[in-house]
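A short write-up of the structure that comes next.
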Amino acid sequence: MVTRSGVPVGELGPLRRHRFVSADAAVAMFLGAPGVDFDRFRRHLDRRVSQDATPVAETRPLRGLLDTSVVIDLEPIDPGVLPREVAVSAITMAELGAGPHAAADADERARRQDRLQRAEAAFDPLPFDLEAARAYARIYAAIVAAGRKARGPRAADLLIPGSACAHDLPLYTRNIDDSRSLDDLVRVVEI
């Protein structure tokens, strides 16, 4: 609330962009704006932009989930082999959070802490929710059906594909062996 001499005169709120706004609101936003001649605008664009209507193929997927191995080794990876937008799972954040505590020396602990803080600043992780838990159960069943071990240290490695499956995202990994036998459930991309 904004006051003048103790008298309320207005209210401040955060400005938020919306994907969709009412037509009335859209028109109102442009009332009083300087006019732009559409024909002149179009002529200027046409002079500067190719009119070839052939679509440019984008071969990279729009989105994907990075597993912990990719986040740890992110610097040397060519962004062109990753999807245009990437996410991480809450499980990856948990593994990164445990990393400094598992380090044997102070230098390694500091490097791992730096990695964790950068990941925390960059990502709002996908939650491991009920859908991810259900997907994990399917992942677990596929691993067991393939005659592989699905418990012990490998359990966390299977939670991340569960997140990818639940969110219908391809999983990008440097440990392709962890995700063998999952082709029917999640697309796994080796980096």
The one condition ASP184 fails out of (1) touching a residue at least 40 places away in the same chain (Cβ under 8 Å); (2) charged (D, E, K, R); (3) surrounded by 12 or more Cβ atoms within 10 Å (Cβ to Cβ) is (3)
Exercise for the section: Tell me, yes or no, whether the stretch 122-139 has at least one residue that is of a type in the set (Gly, Ala, Ser), surrounded by 18 or more Cβ atoms within 10 Å (Cβ to Cβ) and in contact (Cβ under 8 Å) with a residue 24 or more places away in the chain. Expected result: yes
Of the listed residues (ALA90, ALA102, ALA94, ALA110), the one being over 22 Å from LEU158 (Cα atoms), modelled with pLDDT of 90 or more, small (Gly, Ala, Ser) and touching a helix residue (DSSP H, G or I) at 6+ places or on another chain (Cβ under 9 Å) is ALA110
Filter the stretch 146-156 for residues that are free of Cβ contacts under 8 Å to residues at least 40 places away in the same chain and within 22 Å of PRO125 (Cα to Cα); the one that is least open to solvent (accessible area, probe 1.4 Å) is ALA155
query: Has the stretch 165-177 got at least one residue that is assigned to a helix (DSSP H, G or I), among the hydroxyl-bearing types (Ser, Thr, Tyr) and either buried (at least 20 other Cβ atoms within 10 Å of the Cβ) or modelled with pLDDT under 95 (or both)?
result: no
Would the stretch 98-121 turn up any residue that is loosely packed, with under 13 Cβ neighbours inside 10 Å, among the aliphatic types (A, V, I, L, M) and within 14 Å of the chain's Cα centre (by Cα)? yes
Only unsatisfied item for ILE143, checking (1) open to solvent by less than 50 Å² (accessible area, probe 1.4 Å); (2) within 17 Å of VAL86 (Cβ to Cβ); (3) free of Cβ contacts under 8 Å to residues at least 60 places away in the same chain, is (2)
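The values are calculated or read from the model by the stated rules, or taken from the named source; none is laboratory data. Given the structure is predicted, the values throughout are model-derived calculations rather than measurements. For neighbour counting, all protein chains shown are included, and Cβ atoms are generated from backbone atoms with ideal geometry for every residue, glycine included. Note: accessible area is taken over every heavy atom of the protein model, side chains too, but ligands, DNA and RNA are not part of it. Shrake-Rupley method; radii C 1.70, N 1.55, O 1.52, S 1.80 Å.
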